[in-house]
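Since the structure comes first, as structure tokens, the remarks are kept for the end.
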Amino acid sequence: MALEVPPEESNRCVRGCCRSAAIPLHLPAASFSLISPIARGSESTVYEARLRGERVAAKKPVLATSDDLDKFHYQLQLLCELDHPGLAKLIAAHARPPNYLMFFEFFEPPNLADKIHVEEWSPSIQQVVNIASYLANTLQYLQVLGIVHRDIKPANILLDKDLLPHLADFGLAMYQKDIKSVSVENWKSSGKPTGGFYKKNMVGTLIYMAPEILRKDLHTEKSDVYSFGISVNELLTGVVPYTDLRAEAQAHTVLEMTYTEQQLTSAVVSQGLRPALALPESGSPPSLLSLIQRCWDPDPEQRPSFEDIIQDLNAIQKHLVTYSCPSPSRSMNVSQEGNTEVHHYQEALNWFNQGELLTKKANKLDHTVHPWFDSFDRSSVSIYRPTLSWGSFATCGRRETMEDTHFMLPCMSEEKDVHSFGIFDGHRGAAAAEFSVRAVPGFLKQFGHTTSPTDALVEAFMKSDTSFREELIIHQKSKRIIQKDWHPGCTAVTALIVRNKLFVANAGDCRAILSRAGKPFPMTRVGLNSLSPPYSTD
Ligand SMILES: Nc1ncnc2c1ncn2[C@@H]1O[C@H](COP(=O)(O)OP(=O)(O)OP(=O)(O)O)[C@@H](O)[C@H]1O
Ligand SMILES: [Mn+2]
């Protein structure tokens, strides 16, 4: 086998139907090796593997028929189109005989199912809402692309080290348009659906399957909503659906002893049987329990869309955050808002999460160098080390809601001599300020490994600005933001202290003032997007 792959062949599969500018689809044999199996399914085996020295997960499908091969190419085409931080990312594939393999970003076991039922992990309500919310965002992304996943369940959800969920297993995923075309074809050719049609369309895992799927109707986004609801309840209760057991090993036996497949199917379809809902005594907010019940409504039309789900979860999350960690700005927010129930539609999006998600993705890179310290003379042993104290106060002013945000990150990186603080003053709503308060420090950490402090600040500002605009456009396109001509923004000021140097950056009219021996010293110029030269803190 050739060691090198000609460049024109590296980004396409053997048939030429799968192409990607970014993902190599034809690898030299020497570039990868399979180490040991992680999971064996009926359709594929997943291995821990190495790809160009990196630890990855390799999925090797069982390819027994030409139909299996078609499915592999279909899945690969679909995966090549996806790019979202909430997914287990495809990083390469080998789509040529004799080896058909897909390589994914590696996630340390256990997956969410094993975490709940083998480790018997009991997440807090906050953690459940967080996971549900990230997952709903990912599913919303798929829905905008017209994709249904068709196998949402905890075993297909992988966790990163921050316990954020990444959706995996696109073995059954399809474009909604293709599901329709299958049905039309079948009706045309035989006048009624064939057995093959039933088999092809009735996929997924029984306990997570919506009644319409069990009735052999077509799968829609709302069938994914159903499986999502069952999964969130499972996370909340820790119990395998339709059993009262936490540990999976016995649960399967109990499930089989209690119901045959047909009995369970008919109970779910005709008698509205559902898993036992989490109890309010467990601390689950009633709004969360009602959301789960709406997700598993027998009528798909009555189930919320992922858009609705995200909106509900954001409201729940806000409530939880407000009560579990009151901060000056948060509590101010509550007292100012009182119990007004008016929610602006665009505020239903969780901009904090959006900003964080974005930088999380890139922060995975493992860096060792830190050029921020390069500008320091290492020979000067006795450099001045400032003693830091910090605090914040926020007040809402005359507005109805708080539109300003801030972050305080003393000792922001592994290097304890780096500290950062920032304030964002929201304009036309809090969206940009909420997004930036997570995005700017995220990007600062990221760029801190490649550029000088000044460049890192410039880059962090610019990148947050462009990313926020991109997010806005995406959500406007997906109709999560329906308000026309809405242009939220914010001004910003950030202070970055690296050892004994202070760097200040501002955009717009946020000001930083240094008090030097009681004398005010302006660090920023109002109205200009400016970066101040470094000031020695001594
Ligand atoms: N990227 C990954 N990193 C680490 N582990 C993974 C990864 N992808 C999959 N796994 C592990 O392998 C298991 C099976 O993966 P996946 O669901 O993609 O394959 P499958 O053959 O379709 O499985 P099944 O048929 O059982 O649903 C997952 O539950 C997870 O534990
Ligand atoms: Mn799976």
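Every number here is computed from the coordinates shown, using simple stated rules; none is lab data. The shown structure was predicted, so the numbers you read here are calculated from the model rather than taken from an experiment. Cβ: placed from backbone, ideal geometry, glycine included. Neighbour counts: every protein chain shown.
Quick look at the numbers
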{"read-out": "5 angstrom amide H check on R96, placed H, neighbours 5+ away", "value": "L101"}
{"read-out": "Which of M523, M462, M257 has the fewest Cβ neighbours within 10 Å, and the rest in rising order", "value": "M257, M462, M523"}
{"read-out": "Fewest-first ranking of D114, D485, using other Cβ atoms within 10 Å as the exposure measure", "value": "D485, D114"}
{"read-out": "Over 29 Å (Cα to Cα) - which of K89/K115; K115/K416; K60/K115; K177/K463; K463/K519; K318/K416 fall in this group", "value": "K115/K416; K177/K463; K463/K519; K318/K416"}
{"read-out": "Whether the range 403-476 is rounded, prolate or oblate, judged on the alpha carbon gyration tensor where a/c under 1.5 counts as rounded", "value": "oblate"}
{"read-out": "Sequence-distant residues sharing a close amide H with A39 (under 5 Å, placed H)", "value": "V46"}
{"read-out": "Packing-based order for 212-224, 134-146, using average beta carbon neighbours within 10 Å, highest first", "value": "134-146, 212-224"}
